[in-house]
Amino acid sequence: MAKTIHILNGPNLNLLGKRQPEVYGSDTLAQVETACAALGGTLGLDTAFFQSNHEGEIVETVHRARDTADGIIINPAAYTHTSVAILDALNTFEGPVIEVHISNVHKREPFRQHSYVSLRADGVIAGLGVEGYELALRRMASLLA
Ligand code: DQA
């Protein structure tokens, strides 16, 4: 049976493509979703894509993933740097977790250089643009093989 990967996206990523394109590029989140679904198909992985601007909704999506996902790829966006609640939720998930950032957070403001989610993530990708999602999916395929 195909393994299922949940790809979770935090606040303001619904505006990807329009929001600070000099930082985040011009691809939309819908395009990222389509690319991940296509790549997932070739890797034998089903993908389910989510975006929310609300911390509690992201927590609840992680809770649902406990029963429905084999792995989680998450770009928590600004909640990366603030959310103990999302970290705690991810700590209840047993499969692999990969954290993705489109921009290189280490090259930006000091407050972006701390991630609560990294305390749980099995791997972190930052600064590789939206391609980071596909690279994370490839890594998931090897981790779950
Ligand atoms: C981001 C980096 C975060 O610092 C920022 O708040 C985002 C997006 C990224 O993908 O580069 O919204 O997670």
Output the relative contact order of the chain, whole-number percent, from Cα pairs under 8 angstrom with separation of 6+ residues.
-> 28 percent
Cα-based shape type of the stretch 19-81, given that a ≥ b ≥ c are square roots of the gyration tensor eigenvalues and the cut on a/c is 1.5 = oblate
Mind checking which helices in the chain clear 30 Å along their axis (Cα) and have mean Kyte-Doolittle hydropathy of 1.6 or more, DSSP H runs only?
-> none
Cα gyration tensor shape for the stretch 9-55, rounded if a/c is under 1.5, else prolate or oblate | oblate
Enumerate the residues in the stretch 52-73 having an amide nitrogen under 19 Å from the point lying 7 Å beyond the Cα of Ser118 toward its Cβ.
-> 73
Can you tell me the equivalent ellipsoid semi-axes for the stretch 3-144? Use √(5λ) from the Cα gyration tensor, largest first, whole Å.
-> 20, 18, 14
Yeah, the stretch 89-145 with a ≥ b ≥ c from its alpha-carbon gyration tensor (a/c under 1.5 is rounded, else prolate when a/b outruns b/c, oblate otherwise) is oblate
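Any read-out appearing in this document is the output of simple, stated calculations on the displayed coordinates, not a laboratory observation. Model, not experiment: these values are computed from the prediction. Note that we place each Cβ from the backbone using ideal geometry, even for glycine, and neighbour counts take in every protein chain shown.
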